[in-house]
Amino acid sequence: MKHLPGARPGGARSHIPRMALMFIVALFSTLASAAIEPLQFADDGERRRFNALAAELRCLVCQNQSLADSDAPLAKDLRRELHELMRSGRSDEEIKTYLTDRYGEFVLYRPPFDGRTWWLWIAPGVLVVIALAAVALIVRQRRRLAGTDTRALEPKDDEEW
């Protein structure tokens, strides 16, 4: 192999293949760790049902992630439990009831509208109305200020500053 003038053998060029190999290993190890454990489904309909249920359920240890999106060990256990409940012939409502009895309504992404959760459903609308009223008030105030007579603030020709 011919070396460039002034280049030393074992210089920066010999590190490129080693760095590329390290990058490839890091990439594949990251992809392998992100893989979700495979579950066996009888058909595509069962897989769609599982995915829909997992999207409606919340991971109990994650910050606002669904059971389908979480990689937490507890989420993996809950997905496995969900799969077993489906395989045992339970309906979607029976599965949700079982999980809420066991973990509370926090496990549901869409809690039911009742006396304890009404504020979860009403609060966003109330906040939007308050925000719109505040914007309307600010706009009205600015229009009123823009319409004031600025001639009274300007000095007259015979007045000095």
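A few remarks follow.
- Lys, Arg +1 and Asp, Glu -1 on Cβ, resulting dipole of segment 28-147 about Cα centre, debye, nearest 20: 1000 debye
- Pairs of alpha carbons in segment 37-107 separated by more than 18 Å make up 30% of all such pairs.
- Spacing of the two label points (7 Å from each Cα toward its C-beta) at A123 and D44, in nm: 4.1 nm
- Sparsely packed trypsin sites (Lys or Arg not before Pro) within segment 50-133, loop by DSSP, other Cβ within 10 Å at most 16: R90, R116
- The slack between A20 and K76, meaning 0.36 nm per residue of separation minus the straight C-alpha distance, is 16.8 nm.
Each value in this text was obtained by applying a stated rule to the coordinates, not by laboratory testing. The shown structure was predicted, so the numbers you read here are calculated from the model rather than taken from an experiment. Note: ideal-geometry Cβ built from the backbone for every residue, glycine included; neighbour counts use all protein chains shown.
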